[in-house]
Amino acid sequence: MPELPEVESLRRILARSATGRTIVSAAVREKRLRRALDDDVADAIAGRAILAIGRRAKYLLIELDRELVLLVHLGMSGSLTHRRAGFDPGPFDPRHDHVEFALDDGARLVYNDPRRFGLIKLIKKSELENAAELRGLGPEPLGGGFSSEYFWRATRGRKAAVKTLLMDQRIVAGVGNIYASEILFRAGVRPTRRAGRVTRAEAERIAAYTPAVLSEAIGGGGTTFRSYRDARGQPGRFAERLQVYDREGQPCIKCGAAIRGIVVGQRSSFYCPHCQK
Ligand SMILES: [Zn+2]
């Protein structure tokens, strides 16, 4: 499932390749995603210029002229690729190319999503802040607002597992399952620990490793297990740098103990029984 680093990698590529272009036409072949696309979305987008490409949590925000914003969420298996002539579709099954935008330089933006849990929604820029999808999101982990002080306060009195709290989008926006495991391994805190019992020093380490791990993953183009591909159709390279995620039974890179796999909050989680307290 694409998390913040994958969406940010995508954003950076699209910002370079599609900003300033005009969407000549849009085609919706399958409108039944997580929520059905509005019927008029293709007509509303045709002729619009792409002014900028932003991101909030795991949402891509494609800013268009006439004060419109196209909100895109990749769901479980979605991808948005920038395709020029000769693009190798590789793993992309054309039957899942649900939405396509033709740009004025001949390139196409193609939304492919086998499981159709994604979201594409056109909204007015003035309504962005109050959009149901974005309202109530916590601070960005790579921006101001997410500090050790903030995280420490957010954990006080909380009975939930610290990993569940770290993945709570209302606490911090965009941290998902893979990176929560990685952050807690580096911070030396077990994913099952009650958040309220995290010490101040541990909260500081978690708050410091959160942006560090996410930035490192963005630098690696994100993580690909199965379906994720970036905007050029390339898999992310961060999987080989994961230190704990999906390594059950393998030796810990710090101490050699066998990594354990457990389920926390219905999500697969991994930790070292020796290094993580
Ligand atoms: Zn260890």
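No value in this document is a laboratory result; all are computed from the given coordinates. The model shown is predicted, which means the values in this text are computed figures rather than measured ones. Cβ atoms come from the backbone with ideal geometry, glycine included; neighbour counts cover every protein chain shown.
Taking every alpha-carbon pair within segment 30-120, the share separated by more than 17 Å comes to 50 percent. A protection proxy built from the mean count of other Cβ atoms within 10 Å ranks the segments 179-187, 61-69, most packed first, as 179-187, 61-69. What shape does segment 1-156 take by its C-alpha gyration tensor, where a ≥ b ≥ c are the square roots of the eigenvalues and a/c under 1.5 counts as rounded, a/b above b/c as prolate, and the rest as oblate? Cα axes put segment 1-156 in the prolate bin. Can you work out D for the chain in µm² s⁻¹ from Stokes-Einstein, where Rh is the Kirkwood radius over C-alpha pairs, the temperature is 20 °C and the viscosity is 1.002 mPa s? This corresponds to a translational diffusion coefficient of 109 µm²/s. Could you point to the residue in Ala36, Gln169, Gly221 farthest towards the positive end of the chain's charge dipole, with +1 and -1 charges on the Cβ of Lys/Arg and Asp/Glu respectively? Checking the options against the dipole of the chain, the answer is Gln169. For the chain, what does -39500 (n - 2.57) per DSSP helix run (n ≥ 4), summed and divided by total residues, give at 222 nm, in deg cm²/dmol to the nearest 500? Estimated from H runs of four or more residues: -7000 deg cm²/dmol.
For segment 237-277, backbone nitrogen atoms closer than 16 Å to the point 7 Å from Met76 Cα along Cα-to-C-beta are found at 266-268.
In this entry, segment 186-277 is assigned a mean projected area of 6.7 nm², taken as a quarter of its C-alpha convex hull surface. Ranking Pro5, Ser147, Ala52 by how far each Cα lies toward the positive end of the dipole of the chain (charges on Cβ) leaves Ser147 at the top. Computed with the Debye formula from one identical point scatterer per Cα of segment 111-266, without solvent, the log10 of I(q)/I(0) at q = 0.09, 0.13, 0.16, 0.19 Å⁻¹ comes to -0.34, -0.70, -1.03, -1.32. Taking the Kirkwood radius as Rh and the Cα radius of gyration as Rg, segment 132-218 has a ratio of Rg/Rh equal to 0.93.
Here the extension length gained between Lys277 and Arg135 equals 47.7 nm, from 0.36 nm per residue of separation less the Cα-Cα distance.
Projecting the Cα atoms of Leu61, Leu137, Thr19 onto the dipole axis of segment 17-156, where Lys and Arg carry +1 and Asp and Glu carry -1 at the beta carbon, places Leu137 farthest toward the positive end. In this Cβ point-charge picture (+1 for Lys and Arg, -1 for Asp and Glu), the chain has a dipole of about 1200 debye about its Cα centre.
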